[in-house]
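S.K.: This structure is in structure tokens; I'll ask about it shortly.
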Amino acid sequence: MKIAITTAGTNLESKVDSRFGRAPQFLIYHTETGVFYMKENSQNLNAAQGAGIQSAIHIKEEMVDCVITGNCGPKAYATLDAAGIKVYTCIADASVSEAIEMLKQGQLTKSEEANVEGHWA
Amino acid sequence: MKIAIASGKGGTGKTTISCALAFAATGPVRLLDCDVEEPNSHFFIQPKIEQTETVFSLVPQVDPEKCTGCGECSRVCQFSAIASLGKKTLVFPELCHSCGACARICPTGAIEETQKEIGLLEIGRHGEVEFVSGLMNVGHAMSPPVIRAVKKHALEEGLTLIDCPPGTSCPFVTAVKGCDIALLVTEPTPFGLHDLKLAVETLRELGLPFAVAVNRANGENNRISEYCSEENIPLVLQIPEDRRVAEAYSRGQTLTTVLPELRETLAALPEKLRALTNHSTETRKEREKLAAL
């Protein structure tokens, strides 16, 4: 399984970033091999709107199975859902490796809808 | 002539001055309330509404039968309003700016533009004053298409007064564009001056002539008049700070109800502004001539 985790850091000890659309980067992790790499998410820095949609399109290119993030808004959720990517939300204080562990243990629940409101109603 | 009554800061008196100018006008006049997120000129004009018009904007609709999931639409869209995700293509109408690029670029003709209702125009009059007001639908976030619909009602001949939305972003730019001159209404407060400067910078960028009106003029006017003289901006109107103006406003009465002595100045203002447009056209031509040398 391939997972994308939102983070501001660059390794497994970095904290999970609670933002999805405006997360600075994604850590892309293979559960089978334990190999990971970083994917920049800077295309959204100056976007007034639609950051979540762009983030979702951006990580779809990496063919990930699921996303772990803090919060996911309605447009980002709809886009990820249409792309067949599952969304798991996690407390912001966890590190990336802790979040992966929690997912493996089945401690993260899969979102069935956005867990926060959009910024522009 | 089209005069945009605008400001950077909100609450400086755009509507107060627009409505007073409309009632003081000596010839054919039409007031367009382009503050479509919160129009309020009708409180003062008290028009009899004779006609309404629905405003639509175009949004894409994808035919899943024809869509091949190539993603061209998603890549061309500057607003993330359409997302191609393999077999599925999602449309987010609230982000769409109705540019039509997605429909044009689609190689299989799978995208059709459909009408979405976004606002309403009210058209009427009070005596000699003709009136058009736009109101954006609740839940819709982009006002420029509604503003453009109101502005289509500008008079060919005669005086058109455009009560603009505050700020200096897209709604402001849409409202002032194509006008002959902008009258920037400000107040002698630090905020008033600060936002006046933003509006001046924006209008200079647009190449539109402008003049300044000071509302609630009191002992602190120096702030505005010094700025205007430094920047060579004509200060064409001063409305004194007077509690009676605020009281009249709260009752839906116009400025000249309590300050009738202003009527003459207001009636003469459009001609004064017209002279400024001629002047600035000349200076612009001179500047272009110099640049060409």
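The values are calculated or read from the model by the stated rules, or taken from the named source; none is laboratory data. Source: prediction; values computed, not measured. A quick note on method: Cβ atoms are made from the backbone with ideal geometry, for glycine too, and the neighbour counts reach across all protein chains shown. All accessible areas refer to the heavy atoms of the entire protein, side chains included, with ligands and DNA or RNA removed. Shrake-Rupley method; radii C 1.70, N 1.55, O 1.52, S 1.80 Å.
S.K.: Only four residue types carry charge here, +1 at the Cβ of Lys and Arg and -1 at the Cβ of Asp and Glu. Report the dipole size of the stretch B:64-109 about the Cα centre in Debye, rounded to the nearest 20. Don't skip to the answer; put the middle values down first.
M.R.: Working: 5 positive and 3 negative charges, 24 e Å.
Around 120 debye, computed over the stretch B:64-109.
S.K.: Between B:Ile118, B:Ile105, B:Ile239, where does the largest GNM mean-square fluctuation fall for chain B, given springs only between Cα atoms within less than 10 Å?
M.R.: Highest fluctuation among the options: B:Ile105.
S.K.: Can you grab the distance from the C-alpha centre of the stretch B:79-111 to the C-alpha centre of the stretch B:187-243, Å, no decimals?
M.R.: Computed from Cα coordinates, the inter-centre distance equals 44 Å.
S.K.: At 0.36 nm per residue, minus the direct Cα-Cα distance, what do B:Met1 and B:Glu156 gain on full extension? Give it in nm, one decimal, please.
M.R.: Details: separation 155, 0.36 × 155 = 55.80 nm, distance 0.82 nm.
Extending this stretch completely gives an extra 55.0 nm.
S.K.: Compute, for the stretch B:194-233, the length of the dipole vector about the Cα centre, with Cβ point charges of +1 (Lys, Arg) and -1 (Asp, Glu) only. Units Debye, rounded to 20.
M.R.: Values: 4 positive and 7 negative charges, 27 e Å.
For the stretch B:194-233, the charge dipole is close to 120 debye.
S.K.: List the residues of the stretch B:67-101 for which accessible area in the full set of protein chains is at least 20 Å² lower than for the chain on its own; 1.4 Å probe, protein heavy atoms only.
M.R.: Residues shielded by partner chains are B:Ser74, B:Ser80, B:Ala83, B:Leu85, B:Lys88, B:Leu90, B:Phe92, B:Glu94, B:Leu95.
S.K.: If you average 1/r over every pair of different alpha-carbon atoms in the protein assembly as shown and take one over that average, what Kirkwood value in Å do you get? Display every interim value, and only then the final one.
M.R.: On the way: mean 1/r = 0.0405 Å⁻¹.
Hydrodynamic radius (Kirkwood, Cα only) of the protein assembly as shown equals 24.7 Å.
S.K.: Per residue of the stretch A:15-24, what does 6.51 cos²θ - 1.76 cosθ + 1.60 with θ = phi - 60° give for ³J(HN,Hα)? Whole Hz please, x for Gly and Pro, Karplus curve as stated.
M.R.: 6, 5, 7, 6, 8, 9, x, 10, 5, x
S.K.: Still on this model: Could you tell me how far the Cα centroid of the stretch B:134-166 sits from the Cα centroid of the stretch B:1-78, in Å?
M.R.: 2
S.K.: Oh, and also: Assuming R0 = 45 Å, can you tell me the calculated FRET efficiency for the pair A:Lys110 and B:Leu206, based on Cβ-Cβ distance, to the nearest 0.05?
M.R.: Numbers: r = 51 Å, r/R0 = 1.12.
It comes out at approximately 0.35.
S.K.: What is the percent carbon and sulfur in the accessible area of chain B, measuring with a 1.4 Å probe over the protein chains and ignoring ligands? Don't skip to the end; give the middle numbers.
M.R.: Working: 7440 of 14750 Å².
Accessible surface attributable to carbon and sulfur in chain B totals 50 percent.
S.K.: Considering only DSSP beta bridges where both residues belong to the protein assembly as shown, give the percentage that are antiparallel (nearest 5). Walk me through the numbers on the way to the answer.
M.R.: Numbers: 40 of 74 bridges.
So the antiparallel bridges in the protein assembly as shown amount to around 55 percent.
S.K.: Could I ask something else about it? Please give the calculated 222 nm ellipticity per residue for chain B, where each DSSP H segment of at least 4 residues contributes -39500 (n - 2.57) and the sum is spread over every residue; nearest 500 deg cm²/dmol? Don't skip to the answer; put the middle values down first.
M.R.: Numbers: 11 runs with 110 residues, N = 293.
Here the helix-only value at 222 nm equals -11000 deg cm²/dmol.
S.K.: Moving on to the next point. Report, by chain and number, residues whose modeled amide H sits under 5 Å from the one on B:Ile181, excluding near sequence neighbours (fewer than 5 apart, same chain).
M.R.: B:Lys2, B:Ala4
S.K.: In addition: For the stretch B:262-277 and the stretch A:31-69, what is the separation of their C-alpha centers, rounded to whole Å?
M.R.: Taking the Cα centre of each part, the stretch B:262-277 and the stretch A:31-69 sit 58 Å apart.
S.K.: Given a cut-off of under 8 Å on Cα pairs at least six residues apart, what relative contact order in percent is computed for chain B?
M.R.: Numbers: 576 pairs, mean separation 76.4, N = 293.
Taking the mean separation of contacting Cα pairs over the length of chain B, I get 26 percent.
S.K.: Counting only protein heavy atoms and rolling a 1.4 Å probe, how much accessible area do A and B lose on contact, total for both sides, in Å² to 100?
M.R.: Values: alone 6420 and 15280 Å², together 20660 Å².
The summed interface area works out to 1100 Å².
S.K.: If you roll a 1.4 Å probe over the stretch A:1-103 with all protein chains in place, what percent of the accessible area is carbon or sulfur? If you can, show how the numbers build up before the last one.
M.R.: On the way: 2220 of 4250 Å².
About 52 percent, which is the carbon plus sulfur part of the accessible surface.
S.K.: How far is it, in nm, from the label point at B:Lys177 to the one at B:Val76 when both lie 7 Å from their Cα along the line to the Cβ?
M.R.: Distance between the two pseudo-spin positions: 2.0 nm.
S.K.: Take every DSSP beta bridge with both residues inside chain A and express the antiparallel ones as a percent of the total, to the nearest 5.
M.R.: Numbers: 14 of 21 bridges.
Bridges in chain A that DSSP calls antiparallel: roughly 65 percent.
S.K.: Further, regarding this structure: To the nearest 20 debye, what is the magnitude of the charge dipole of the stretch A:2-104 about its Cα centre, counting +1 on the Cβ of each Lys and Arg and -1 on the Cβ of each Asp and Glu?
M.R.: Values: 9 positive and 11 negative charges, 59 e Å.
Value, rounded to 20: 280 debye.
S.K.: Compare the peptides B:35-43, A:74-82 by average per-residue count of other Cβ atoms within 10 angstrom and give them in order, highest first. Display every interim value, and only then the final one.
M.R.: Working: B:35-43: 19.9, A:74-82: 22.7.
Packing proxy ranking, top to bottom: A:74-82, B:35-43.
S.K.: With each run of n ≥ 4 DSSP H residues scored as -39500 (n - 2.57), what mean residue ellipticity at 222 nm is computed for chain A after dividing by its residue count and rounding to the nearest 500 deg cm²/dmol? Walk me through the intermediate numbers first.
M.R.: Numbers: 3 runs with 28 residues, N = 121.
The per-residue figure over chain A is -6500 deg cm²/dmol.
S.K.: What angle do you read, to the nearest 10 degrees and between 0 and 90, between the alpha-carbon axis of helix B:263-292 and the longest principal axis of chain B?
M.R.: Approximately 60 degrees, to the nearest ten.
S.K.: Now a separate question. Whenever you get a sec, line up B:Phe56, A:Phe36, B:Phe131, B:Phe210 from highest to lowest accessible area (probe 1.4 Å, protein heavy atoms).
M.R.: B:Phe56, A:Phe36, B:Phe210, B:Phe131
S.K.: Per residue, what accessible area does the stretch A:2-104 have, given a 1.4 Å probe and all protein chains present, in Å²? Before the final figure, lay out each step's value.
M.R.: Details: 4280 Å² over 103 residues.
Result: 42 Å² per residue.
S.K.: Moving on to the next point. Could you sort the residues of the stretch A:82-110 by number and keep only those whose accessible area is reduced by 40 Å² or more in the all-protein-chain setting relative to the chain alone, 1.4 Å probe?
M.R.: Output list: A:Ala82.
S.K.: Using a 7 Å offset from the Cα along the Cα-to-Cβ direction at both B:Thr52 and A:Thr31, what is the distance between the two label points in nm, to one decimal?
M.R.: Calculated label separation equals 5.5 nm.
S.K.: For the cross-link pairs A:Lys60/B:Lys152; B:Lys14/B:Lys152; A:Lys75/B:Lys66; A:Lys39/A:Lys75; B:Lys152/B:Lys197; A:Lys39/B:Lys87, which exceed 32 Å when the distance is taken from alpha carbon to alpha carbon? It would help to have the intermediate numbers written out before the result.
M.R.: On the way: A:Lys60/B:Lys152 43 Å; B:Lys14/B:Lys152 21 Å; A:Lys75/B:Lys66 24 Å; A:Lys39/A:Lys75 21 Å; B:Lys152/B:Lys197 29 Å; A:Lys39/B:Lys87 24 Å.
Exceeds cut-off: A:Lys60/B:Lys152.
S.K.: For the stretch A:23-91, what is the percent of antiparallel DSSP beta bridges, rounded to the nearest 5? Write down the numbers at each step before the final one.
M.R.: On the way: 5 of 9 bridges.
Of all bridge pairs located within the stretch A:23-91, approximately 55 percent are antiparallel.
S.K.: How much solvent-accessible surface does B:Ile233 expose, in Å² to the nearest 10, with a 1.4 Å probe and all protein chains in place?
M.R.: Approximately 10 Å² for this residue.
S.K.: Shape verdict for the stretch B:133-204, please, from the Cα gyration tensor: rounded (a/c under 1.5), prolate (a/b greater than b/c) or oblate. Let's see the in-between values first.
M.R.: Values: a/c = 2.18, a/b = 1.31, b/c = 1.66.
Here the stretch B:133-204 falls in the oblate category.
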